[in-house]
Amino acid sequence: MKVVREFSRFAHEYNKYNVIQKRVAKKLCALLEEKSYGKILDLGAGDGAIYDNLSKQKIVFSDFVALDFSQEMLDIHKNNKSIEKVCLDFNERNFSSVFKANEFDLIISSSALQWSVNLSSVLQELSSLSNKFLFSFFTANTFKTLHGIININSPILKKEEILTSLDRFFDYELEVVEYKIDFTSVHDMLRYIKKSGVSGGVKQLGYKEMKTLMLEYPLTYLEFEVIFIKVIQKK
Ligand SMILES: C[S@@+](CC[C@H](N)C(=O)[O-])C[C@H]1O[C@@H](n2cnc3c(N)ncnc32)[C@H](O)[C@@H]1O
């Protein structure tokens, strides 16, 4: 529950601090091959980056379900008569039971599923709801150098863990992309991490860790690693 509080606490400022997530959502939507869909489920919809990209790409659909466990994030998601907002935690067992089997023409999720407590179980539930899936995940290599210096483990899933879970349920195409974002100071970098929604769950840094970072962080940028998954078929 710590993660949801962080997303909610900064929901009003989220739009200023989500540069990479926006790029990721745009790239993920560019993988969509069709111009028209039936009902779409967006898992971890946040402030609506997927919905916005679909609109920009002139992709039409009959219905759009924006699912997120942060009501504050859903509150800043666009409203429209084709949008249904569902406040739900995808880590809850049987979360998918609120939907019907194969209810969705497409399930898409950008920058959210790396927070799965049990990714295999989330994917298993999702696999009963659709035949088309597009996912992007931040991996544990995000902030790799920073985590190494202050000796903490990333709170998000490793690339290998994500792929092992995906392998159980899907055949898919994969692309791994590294992003960098430049900062003029370590202080600015830390503020970005805190408010971006990528870092949720990372403990508050103490004075000693801050000092270590200020003195030893060797880069002028932050590192992000994202994997893009286009499911070809279910297993
Ligand atoms: C980094 S944001 C990405 C938002 C949006 N998909 C985008 O591409 O900009 C991650 C979103 O996932 C939501 N989220 C994280 N864990 C979740 C969970 N267990 N259940 C539902 N939503 C979750 C957060 O509230 C947040 O809105």
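The values are calculated or read from the model by the stated rules, or taken from the named source; none is laboratory data. All values reported here derive from a predicted model rather than from experimental measurement. Cβ placement follows ideal geometry from the backbone for every residue including glycine, while neighbour counts extend to all protein chains displayed.
Here are some residues: Arg5, Arg93, Arg23. Which one is more than 11 Å from the ligand (Cβ to nearest atom), modelled with pLDDT under 95 and not in a strand (DSSP E or B)? Spell out how you get there, then give the answer.
On the way: Arg5 fails: more than 11 Å from the ligand (Cβ to nearest atom); Arg23 fails: more than 11 Å from the ligand (Cβ to nearest atom).
That would be Arg93, the only listed residue that is more than 11 Å from the ligand (Cβ to nearest atom), modelled with pLDDT under 95 and not in a strand (DSSP E or B).
Pairing each residue of the range 80-105 that is farther than 21 Å from Leu119 by Cβ with any residue that is of a type in the set (Lys, Arg) and surrounded by 10 or more Cβ atoms within 10 Å (Cβ to Cβ), provided the two are 6+ apart or on different chains, yields C-beta distances under 6 Å for Asp105/Lys39. Restricting attention to the range 195-228, the residues that are away from the ligand (no atom under 16 Å from the Cβ) and at pLDDT below 75 total 3. Would you check which residues across the range 148-161 are at pLDDT below 95, outside any loop (DSSP other than H, G, I, E, B) and touching a helix residue (DSSP H, G or I) at 6+ places or on another chain (Cβ under 8 Å) and list them? Answer for the range 148-161, where residues must be at pLDDT below 95, outside any loop (DSSP other than H, G, I, E, B) and touching a helix residue (DSSP H, G or I) at 6+ places or on another chain (Cβ under 8 Å): just Ile149. In this structure, Glu84 qualifies as farther than 24 Å from Phe170 by Cβ, touching a strand residue (DSSP E or B) at 6+ places or on another chain (Cβ under 7 Å) and more than 14 Å from the ligand (Cβ to nearest atom).
Scanning the range 124-146 for residues that are over 30 Å from Tyr217 (Cβ atoms), among the hydrophobic types (A, V, I, L, M, F, W, C) and either under 13 Å from the mean Cα position of the chain (by Cα) or crowded, with 22+ Cβ neighbours inside 10 Å (or both) turns up Leu126, Phe133, Leu134, Phe135. Pairs meeting the criteria (first residue in the range 135-149 and touching a residue at least 24 places away in the same chain (Cβ under 8 Å) and hydroxyl-bearing (Ser, Thr, Tyr), second residue in a strand (DSSP E or B) and crowded, with 23+ Cβ neighbours inside 10 Å, beta carbons under 6 Å, at least 6 apart or on different chains) are Ser136/Ser110; Ser136/Val226; Thr142/Phe224.
Please find, within the range 96-119, the residue that is surrounded by the most Cβ atoms within 10 Å (Cβ to Cβ) out of those that are assigned to a loop (DSSP other than H, G, I, E, B) and of a type in the set (Ser, Thr, Tyr).
Of the range 96-119, the ones assigned to a loop (DSSP other than H, G, I, E, B) are 99-105, 111-112, 116-118.
Still in the running and of a type in the set (Ser, Thr, Tyr): 111, 116.
Working: Ser111: 26, Ser116: 22.
Looking at the filtered set, the residue picked out is Ser111.
Within the range 120-132, the presence of a residue that is of a type in the set (A, V, I, L, M), over 24 Å from Gly38 (Cα atoms), touching a residue at least 60 places away in the same chain (Cβ under 8 Å) and not in a helix (DSSP H, G or I) is excluded.
Condition check for Thr145 on (1) hydroxyl-bearing (Ser, Thr, Tyr); (2) at pLDDT 95 or above; (3) part of a helix (DSSP H, G or I): one failure, at (2).
Among the residues of the range 107-139, the one identified as more than 11 Å from the ligand (Cβ to nearest atom) and aromatic (Phe, Trp, Tyr) is Phe133. Taken over the range 29-50, the residue count meeting the criterion of being part of a helix (DSSP H, G or I) and either within 9 Å of the ligand (Cβ to nearest atom) or over 14 Å from the mean Cα position of the chain (by Cα) (or both) is 3. Filtered by the rule that a residue be on the phi > 0 side of the Ramachandran plot and buried (at least 18 other Cβ atoms within 10 Å of the Cβ), the range 47-92 gives a lone residue, Gly48.
Residues in the range 59-78 that are in contact with a strand residue (DSSP E or B) (Cβ under 6 Å, 6 or more places away or on another chain) and not aromatic (Phe, Trp, Tyr): Val60, Ser62, Asp63, Val65, Ala66, Leu67, Gln71, Leu74, His77.
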